[in-house]
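See below for the structure under consideration.
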Amino acid sequence: MFMRSLKLFRILAMAGAIVPGIFVEAAQPAATGQRGQQGSGIAKWNTAGLQQANSMGGGEAAISKDGKFRVFVLMGQSNMTGAARASKLTPPYTEKHNRIRIRANGRWEYFVPTVRFGPGIAMAHQLAETWPDDTIGIIKVASGGTGIRGFEKNWSSERADLTFDGEKGSLYMDLLNAVAEVKRVSNPEFSGFVWKQGADDGTKKVLGEEYYATFKQLVSDPGVPDLPVFMPSCMNDEKLRDVILPHLCDEELRKIRNPTRQPPVKDVDLLAAVIAAQNRAGRELHNVTTIYSGDLPRIGGGNNHINAEGQIMLGKITATAVEEYYKSNE
């Protein structure tokens, strides 16, 4: 069983999934004294979930009073934080933009990555072009190597520790704190929730089995009601079946081959169950759009994370999905 699972993990990595054991970004340390409920003042904005966003601020920036202030929440693990080096960025992504902001260091700042970056920068720039009269704001709560239970609404250190994330504290509380502060200091129109996560839940069977229910609960109440959710997935149902089927035993094949030909959510190998749960969310949850980005360029050399070119591509693909959603709901 172990050898079969290892082989499947390697195949999934080649197909575009981040696989624990192939490369996992080191978990970010929790702020001093952090537990399930964050403290007040500066410490509240220096938590495991917000540290990476703090490095992307380019100085304090006011919010324009003209047009709408469209705010997007970005959550996830390593490919949301981003392993791509900011030194690979070129203009306009290296320049301050009058209508693009990120929540960093407890305030609104210009969005100018200087260390590493994820899909948010390209997404924000494309959306700023789509809505030229509006300002785009990003709230980013992300931490490398973090399972979904580190983000869940009913957080506990015991549940989070199934993926060794208990010491990071509640990333859901990071989100609620940021949303509350944004409402206090500005006039946001929350316009979307982007979720890029899953690899660490491909390490234990129970995590894959419960992924759909945990995700459903998270997106039902991310601090803002009726928020549209956009979730990049590395494989659609058809590709997932093509990758998995040759590596399942007869009993597992009987479970996956059903009249509706839907991929399994339970009783398949680990990471495949997580991907299947994400695809199911796109089919069954009315506010969730699953985005199939295809194979994106990777860093390589033992690092299976998306590289700079791939993160720009992912940001643009995500922005296009947001645009299509709003056009279809006009």
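Throughout, read-outs are computed from the coordinates displayed, never taken from laboratory work. Because the structure is predicted, anything quoted here is derived from the model rather than measured. FYI the Cβ positions are ideal-geometry reconstructions off the backbone, even for glycines, and counts take in every protein chain you see.
General remarks:
- The slack in the chain from ASP133 to LYS68, taken as 0.36 nm per residue of separation less the alpha-carbon distance, amounts to 22.7 nm.
- Distant-in-sequence amide H partners of GLY145 (H built 1.01 Å from N, under 5 Å): GLU25, SER78
- In this label model, SER328 and ALA43 are separated by 4.5 nm, measuring between points 7 Å along each Cα→Cβ vector.
- Annotation for GLU60 and ASN303: the two label points, set 7 Å from Cα along the Cα-Cβ direction, are 3.4 nm apart.
- Amide hydrogen proximity for VAL194: with H placed 1.01 Å from N in the peptide plane, the residues at 5 or more positions away or on another chain lying under 5 Å are VAL73, LEU74, MET75, PHE230.
- Restraint check, LYS96/LYS140; LYS140/LYS216; LYS153/LYS327; LYS96/LYS316, Cα-Cα greater than 24 Å: LYS153/LYS327
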